[in-house]
Every structure is written in structure tokens, then in C-alpha cells.
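Here is the structure we will look at, set down as C-alpha cells.
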Amino acid sequence: MTKIIAIDGPASVGKSTLAKRLSKKFKAPVLYSGKLYRAVALEIIKQKINLSNTKEILKCINYINLDNLNSDELYSSEVDNVSSIISAKKKIRNKLITFQRSFPKKYGNNVKFAIIEGRDIGTIIFPGADYKIFMWAASEIRAKRRYEQLRKNGKNVRYSKIFSEINVRDQKDMTRKIAPLMPAANSVLLDTSYIDIEQALNAIKNIIQKTKTI
Ligand code: DC
């Protein structure tokens, strides 16, 4: 049976980079669950739907196609903001559960592992996941990494703005009533404040290869 690797953690902690590298190493499909919230947010923005109109927002979920979540449009400050707001809505989260739980069955045929990263994967979506990783790094460090990455890509950004946006998102993710960001029971805490991606990858590879299941 396909084993589930759940990776949770705050914004800009490196979950998707780690998930991508693990996916390459173990030839495992990966779902970046934040993209589901982003896809809904993008549709809301395009259709100019009011953020209090949950009924119309729920309809946007029908436009999601798991095979097509690669648009660059999913990554803008506006989408960051709207996805963060709608991710606190219970009905929206509940409707997105089905997408996430169907992922290993849909894409995990004949593969040993399926990877899902997000905020509530080990707590709500797959509480019985075989491996649960909770990634962490201080917000100053995450903001600095994000800032350097954006500058490297030629973007003219301010560190103070990125730092404050990360703190706002942390606050929203960690204090919402439904599915707040927190380490799942039995999760492995991976603090990446002072280690790089290779070290993080090695730590997780060791856990996966040396433990049967957590
Ligand atoms: O991981 P990300 O930045 O792409 O996520 C986009 C937004 O979706 C972010 O505000 C947090 C939210 N999210 C969530 O609430 N639960 C998840 N499993 C994944 C993302």
C-alpha cells in the first residue's frame, strides 16, 4: 500500500522544496495542498466574488483540476492574501478535504510513497500518515531566505514588507479556529533555522529509510 508522507509547516519554511526533492528521490507523486487554496483564490479574484459569499466561493472549488495546478498566476500577493482568508472558512476546508484524500489513490498507483505538504496534513487530512514531518524556522530566517530568493530573481522587494507579511500569515494560520497550523501527534520536528536543504533532506531520508512507520 502507498505510504503517506505528510509535511506541514508555516509559510516559506521550505516545505515545497523538501517535498520536491523527496519526490525525486523516492519517485513519489506530490500534492502541494496550498495550491488548492490558491486556485480557489485565483478564481475568486477573476470572478470578482465577495469574500463573504461562501456559496459562490464553494462553486469555485469545482474549477479545480488536480492535473493543472501549475499556473504562475497562483503566486501573487493578492492570491497569498485571499487564499489565507478563505483557508479559515470551515465549509471551504471541508470541501477541499476530498481532493486531498483522493490524491494518493489517484496518483499513487504502484508507487511506494505519496507526499502531501500543507498546514493540516498530519493533523486533519491524513492523521494516520506513515510519516509526519513538521518543519519550522524562525520568521526572521524565513523572511531573509524569501527576500534573498526574490532579489536573486531580480524582484525589487523590501525585507521589512516580506517579514511583516510572513508574520501576518503565521498569525492567521496558527490562530484560526479550524485546522490551525500545529505539529501533529507523532510528528518529527525539523527545525531548519540553521540547516540547509541538503541537511534537511538527509535527515528526512534517514527517517524514511530507517524507520518502518512512525
Ligand atoms: O502553502 P501555501 O503558501 O501555498 O498556502 C496558501 C494558503 O493556503 C496559506 O494561506 C495557507 C493555506 N493552506 C492551508 O490553510 N492549509 C493547507 N493544507 C495548505 C495551505
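Points worth noting:
- Nearest-0.05 FRET efficiency for residue 186 and residue 156, computed from C-beta distance (R0 45 Å): 0.55
- Reciprocal mean inverse distance between Cα atoms of the chain - Kirkwood radius, Å: 17.8 Å
- Hydrodynamic radius of region 29-141 per Kirkwood, over alpha carbon pairs, in Å: 15.0 Å
- Computed Rg/Rh of region 129-180, alpha carbon atoms with Kirkwood Rh: 1.09
- Of all lysines in the structure, the ones whose alpha carbon falls short of 19 Å from that of residue 91, not counting any fewer than 8 places away in one chain, are 35, 55, 59, 172, 177.
- Prolate/oblate/rounded label for region 150-214 (Cα gyration tensor, a/c 1.5): oblate
- Considering region 95-214 at the alpha-carbon level, its Rg and Dmax are found to be 16.5, 46 Å.
- Spherically averaged projected area of the convex hull of Cα atoms, region 2-85: 6.3 nm².
- Whole-Hz Karplus values for region 49-57 come out as 7, 5, 5, 8, 8, 4, 4, 5, 5 Hz, taken residue by residue from phi with 6.51 cos²θ - 1.76 cosθ + 1.60 and θ = phi - 60°; glycine and proline positions read x.
- Solvent-accessible surface ranking, highest first, for 198, 56 at 1.4 angstrom: 198, 56
- Qualifying aspartates and glutamates (Cα of each under 17 Å from Cα of residue 46; at least 8 residues distant if same chain): 56, 72, 73, 78, 80
- Computed over protein heavy atoms with a 1.4 angstrom probe, the accessible surface ordering of 201, 58, 189, largest first, is 189, 58, 201.
- Mean ellipticity per residue at 222 nm, deg cm²/dmol - from DSSP H runs of n ≥ 4 across the chain, formula -39500 (n - 2.57): -16000 deg cm²/dmol
- Only lysines eight or more places from residue 205 in sequence, or on another chain, were considered; those with a Cα closer than 17 Å are 3, 15, 20, 24, 25, 27, 112, 132.
- The calculated P(r) of region 95-154, using every Cα pair and 10 Å bins from 0, goes 18, 35, 24, 23, 0 in percent.
The values are calculated or read from the model by the stated rules, or taken from the named source; none is laboratory data. All values reported here derive from a predicted model rather than from experimental measurement. For neighbour counting, all protein chains shown are included, and Cβ atoms are generated from backbone atoms with ideal geometry for every residue, glycine included. Ligands, DNA and RNA are stripped out before the accessible areas are found, and what is left, the full protein with its side chains, is counted by its heavy atoms. Shrake-Rupley method; radii C 1.70, N 1.55, O 1.52, S 1.80 Å.
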